[in-house]
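Reading through the structure tokens given below for one structure.
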Amino acid sequence: MQTNVPGIYAAGDCTDQPKFVYVAAAGGSRAGINITGGEAMLDLGAMPVVIFTDPQVATVGLTEERATTQGLRVDTRVLSLDSVPRALVNFDTAGFIKMVVEQDSGRLLGVQAVAAEAGELIQTAVMVMRANMTVQEMAEELFPYLTMVEGLKLCAQTFTRDVAQLSCCAGLGCVPSSVGMLEQARQPAQIRDHAEQLDQGLEDDDNDSGPPGFRQ
């Protein structure tokens with residue numbers, strides 16, 4: 001957090017850090033620690049971003065395009081919200097969850113979500129990335145049934161199985177058949193197209209060559 005002038009520290013909009021109030025607050029508190037002799041670091045490698053549209057758009061970490069540009073070998077999955085029980089119960093299945101995973105290690109590199117409550121579920125993805133968990137470890141965690149955040153678990157499970165074949169409390173099969181019929185019009189190819197458009201939009205809005213790193 002120290003500037004190029006010894007003894008002068010900065011945080012917030014007067015710096016080149018992302019212009020979010022939570023980043024400014026975190027930077028300010030760390031600057032205060034370092035002014036008094038501390039060595040606090042600000043790690044922005046798993047910084048959540050939320051756009052409060054309807055539905056909301058949320059992201060953390062790397063998109064597929066950025067990960068590939070950085071030379072990483074990745075695997076991705078896109079889960080339509082018509083595979084998330086909470087979304088079906090809410091009669092609001094517009095959107096998807098996309099995960100980007102490092103191919104060799106299975107480590108979660110990024111999550112993008114378009115959903116009515118995307119801003120709420122993205123923080124769970126942040127904590128998974130902070131813990132350096134693999135997508136398999138995430139898929140095996142306990143997530144409350146009939147919550148939107150359960151969509152992260154379901155998306156993680158799609159790396160190794162077909163969630164449509166899971167039991168009621170792990171996937172589909174527990175909602176009225178009429179709801180399922182209403183959602184048949186949404187095709188997987190359309191969902192992937194939307195995910196790719198989101199990737200491109202996020203890249204266009206970001207001029208950095210990579211995700212923010214550590215700042216002191």
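Just so you know, all these numbers are worked out from the coordinates, no wet-lab data involved. These numbers were taken from a predicted model, which means no experiment stands behind them. Quick reminder, even Gly has a Cβ in these numbers, built from the backbone with ideal geometry, and neighbours come from all protein chains shown.
Structural remarks
- For the listed peptides 108-121, 24-37, 69-82, a ranking on the average number of other beta carbons within 10 Å per residue, highest first, reads 108-121, 69-82, 24-37.
- Taking amide hydrogens as placed 1.01 Å from N in the peptide plane, the amide H of Arg77 sits under 5 Å from those of Met99, each at least 5 positions away in sequence or on another chain.
- For segment 51-101, the square roots a ≥ b ≥ c of the C-alpha gyration tensor eigenvalues yield an a/c of 1.5 or more together with a/b not exceeding b/c, which makes the shape oblate.
- Each Lys or Arg adds one and each Asp or Glu takes one away; over the other residues whose Cβ falls under 15 Å from the Cβ of Gln56, this sums to -2.
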